[in-house]
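> Sharing a structure with you now.
The values are calculated or read from the model by the stated rules, or taken from the named source; none is laboratory data. Note that the structure is predicted; figures quoted are calculated from it, not measured. Cβ placement follows ideal geometry from the backbone for every residue including glycine, while neighbour counts extend to all protein chains displayed.
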Amino acid sequence: MKAVAEQQTESLFSYGTLQSETVQLAIFGRRLDGQPDALVRYRIVMIEIEDQDFVVTSGTPHHRNLRFTGVQSDIVEGTRLPLTKSELDLADSYEPSNYERIQVQLGSGATAWVYISRNSR
């Protein structure tokens, strides 16, 4: 039963470093075949990352993050990435410790997970 669950894919919306092939190879051991998508009613804000492990992996102490605005004209472009459940767990481990994963509906109509700083809400 676990093998079947492992093959089921989740969608993760990336608007930052997880779109990078270098980061994908380091985290998942493979290049992900993502599709362009967008997140409506959000905008990008810059935050400083205090999680030093993340800073080392991503290469920067400053990171783009999402802020919900509710404004229809605010759109964040990114990539919808297909991941297995275990890869989603790896993504959880990669993201900074003050981030949480939430489900959102993308511009395409697809439902996906996305990471957002707990301080950005």
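> With a cut-off of at least 3 residues that are modelled with pLDDT of 95 or more, name the strands (runs of 3 or more DSSP E) lying wholly within region 24-121.
Fully inside region 24-121 and qualifying: 35-40, 75-84, 99-105, 111-117.
> If you don't mind, there's one more thing I want to ask. For region 65-92, how many residues are in contact (Cβ under 8 Å) with a residue 40 or more places away in the chain and under 23 Å from residue 30 (Cα atoms)?
Result for region 65-92: 14.
> Pairs, please: C-beta under 9 Å, at least 6 apart or cross-chain, first residue farther than 23 Å from residue 75 by Cβ and in region 19-46, second surrounded by 12 or more Cβ atoms within 10 Å (Cβ to Cβ) and charged (D, E, K, R)?
Short answer, once both residue conditions are applied: 27/87; 28/87; 30/87.
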